[in-house]
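For reference, the structure discussed in these notes is given below.
A short reminder: the numbers here are calculations on the coordinates, not readings from a lab. Remember, predicted model here, so these are calculated numbers, not experimental data. Note that we place each Cβ from the backbone using ideal geometry, even for glycine, and neighbour counts take in every protein chain shown.
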Amino acid sequence: MHSVFTSLDSIDAFLKGEDGRKAINGLGPYITKIEQEMLRVEKAFPLTLTKESRMRFIDLEDIKTDLKKIILSSGLMVDYDGEEWIEGQEMLEGIRPLGQLSPIKACKLLSMVMIKDASDYGYYEQQLKNGILLKILKAITQKGEKEQ
């Protein structure tokens, strides 16, 4: 699968343009499916589960591969030096809260997830199951909620 990156200088114009809007709209069904699965697991267990325990019960096998292909080919990933972006690394590691993400910052985080998955296989799936990828995708589509 060929990965498509958009330069940091042109990501804003891409997101506002026709191709960007198509890519963003294509995420909608996946966001809905992830939300439904998270809710299913939440309702299935009357106890509060830890993030690690909850991840064991989340089943996104039917969409994870297709979603990954869409992300990689969408142009929503940003071509930048993620190694230098300490804030983003800390957000993905849970050291720093995600807070309210702008679509551009969310695209940068999405790039970090996908690039890290290339060298640390399973990282994408971990971020998918723990809800981080959902927050990123919702921020890109501007359907995210402000975290307290």
*Report the FRET efficiency, 1/(1 + (r/R0)^6), for ILE95 and ASP9, where r is their Cβ-Cβ distance and R0 is 41 Å, rounded to 0.05.*
0.90
*Do the sum for the chain: with -39,500 (n - 2.57) for every DSSP H run of n ≥ 4, divided by all residues, what is the mean residue ellipticity at 222 nm, to the nearest 500 deg cm²/dmol?*
-20000 deg cm²/dmol
*In what sequence do ILE34, ILE71, ILE24 fall when counting other Cβ within 10 Å, fewest first?*
ILE24, ILE34, ILE71
*Exposure proxy ranking, count of Cβ atoms within 10 Å, fewest first, for PHE14, PHE45, PHE57*: PHE45, PHE57, PHE14
*asked:* For segment 103-120 and segment 18-93, what is the centre-to-centre distance using only Cα atoms, to the nearest Å?
replied: 11 Å
*What ³J(HN,Hα) values, in whole Hz, does the Karplus curve 6.51 cos²θ - 1.76 cosθ + 1.60 give for segment 95-102 when θ = phi - 60°, with x put for Gly and Pro?*
6, 10, x, 5, x, 8, 9, 6
